[in-house]
Amino acid sequence: MSTDSQPHPHEISSLPEPLCVYSFCTIVTRVAEYEAMIAAFSSKGFTEVDCEYLYIDNSVANCYDAFEAYNHFLLNAKGRFIVLCHQDILPIADGRDVLDFRLAELETIDSHWGLCGNAGGRAARELVVRISHPAGQDVKLNGPFPKDVMSLDENFIIVRRSANLALSRDLSGFHWYGTDLCLIANILGWKAYVIDFHLLHKSAGNIGGDYDAKGKELRRKYAHAFRSRWHHVPTSQSIYISASPVRTFVARAYNKIRIRIQALLN
C-alpha cells in the first residue's frame, strides 16, 4: 500500500489563533435597529478590519431560541472575544480603545476571567451596573470596576473564546441564558465580571411571559446537576460528591462498613 494513502497526523501544541479580535453576535428581530447598531459600533472603531458581525434572523419567525442561537454563535465565531449582544445597544462615548483597555486591565487582575459585561448580580439584591437605559442615564452602581459577579445581564456579554464555553442543551427560551452561561463558566473554573464600558441599552429589560416558568426550569436543572451522589468509575472505585460535609462523612463511613461486610461474607 502506498504511504501516500496513510493519514498524516498533526501535533497540537497550542490553541488555534483567532482570525479576528471581536465577534459581535446578535439575534435579529428588527433589521433596521440591528443595522443602526452595526453602524454605531463600526464608527467607534469596531470595523471589519479585525471584527466580524454574525447574526441569526428571527425577524419573521423564531428560527432559534437564545440557547440554540448562542451555542451556534459560540461555535462559529472566529474572534478572540465573542460579544453576545442585543440589537438595541449603542456605544455612547466609549469606543474600541476603551474596550481594548478594559479587557487588558481585566486580564492583569484575573487571568482566569471567562466572561464580562455591563450589568450583573453579585449577591442577593446587590447589582453591579455600568450602563445607560430608559430608567437611568450614566449609571454606575457598586463599583469600582471591574467587579466579579455571579451572573450577567444578557444585553451585552463578552465571552473569552479560549474559555470554550457553551450553554445548556436541556434549557430553552429567551430568558436566563446569561445565568446559565455564568453557572457553566463557574463550574469550569472561569469567573464573570462587570467592566466599565459604557453603553446605551434602549430597553430597561423585559421580565414577563414565561420568565418565571423558565427560571423554574433552570432551578430544576441545576438542583439535579448539583445533587449529592456517588460517582462510580471504571476502576471499581467510587467517590461521593456533595457540598455537605455531614453527608460526605456519613456516606463515606457507610461505604467503608459496606465494604468490610462484603469482605467478611466473601
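The values are calculated or read from the model by the stated rules, or taken from the named source; none is laboratory data. Bear in mind the structure is a predicted one, so any value in this text is a computation, not a measurement. So basically every Cβ, Gly included, is an ideal-geometry build from the backbone, and we count neighbours across all protein chains shown.
Observations, loosely collected:
- Subset of region 1-39 that is hydroxyl-bearing (Ser, Thr, Tyr) and in a helix (DSSP H, G or I) - its residue that is modelled with the lowest pLDDT: 3
- Residue in region 234-247 that is under 29 Å from residue 67 (Cβ atoms) and either at pLDDT 90 or above or acidic (Asp, Glu) (or both) present: no
- Here residue 182 clears all of (1) over 22 Å from residue 89 (Cα atoms); (2) modelled with pLDDT of 95 or more except the condition numbered (1).
- Those residues of region 229-266 which are polar (S, T, N, Q) and in contact with a Phe, Trp or Tyr (Cβ under 8 Å, 6 or more places away or on another chain), in sequence order: 238, 248, 255
- Qualifying positions in region 47-87 - within 24 Å of residue 134 (Cα to Cα), touching a helix residue (DSSP H, G or I) at 6+ places or on another chain (Cβ under 6 Å) and not polar (S, T, N, Q): 66, 84
- For region 5-49, the tally of residues that are crowded, with 17+ Cβ neighbours inside 10 Å and of a type in the set (Lys, Arg) stands at 1.
- Selection of first residues in region 236-248 that are within 20 Å of residue 224 (Cβ to Cβ) and of second residues that are of a type in the set (Gly, Ala, Ser) and part of a helix (DSSP H, G or I), restricted to Cβ pairs under 9 Å at least 6 apart or on distinct chains, gives the following pairs, ordered by first then second residue: 240/251; 242/251.
- The number of residues in region 227-251 being assigned to a helix (DSSP H, G or I) and loosely packed, with under 11 Cβ neighbours inside 10 Å comes to 2.
- A Cβ distance below 7 Å, combined with a sequence gap of six or more or placement on separate chains, defines the contacts here; from region 38-60, residues that are within 14 Å of residue 84 (Cα to Cα) reach residues that are part of a helix (DSSP H, G or I) and of a type in the set (A, V, I, L, M, F, W, C) in the pairs 53/38; 54/73; 56/69.
- Residues in region 79-102 that are crowded, with 21+ Cβ neighbours inside 10 Å and among the aliphatic types (A, V, I, L, M) were compared, and the one that is nearest to residue 46 (Cα to Cα) is 99.
- Any hit, region 215-226, residues being surrounded by 13 or more Cβ atoms within 10 Å (Cβ to Cβ) and assigned to a loop (DSSP other than H, G, I, E, B): yes
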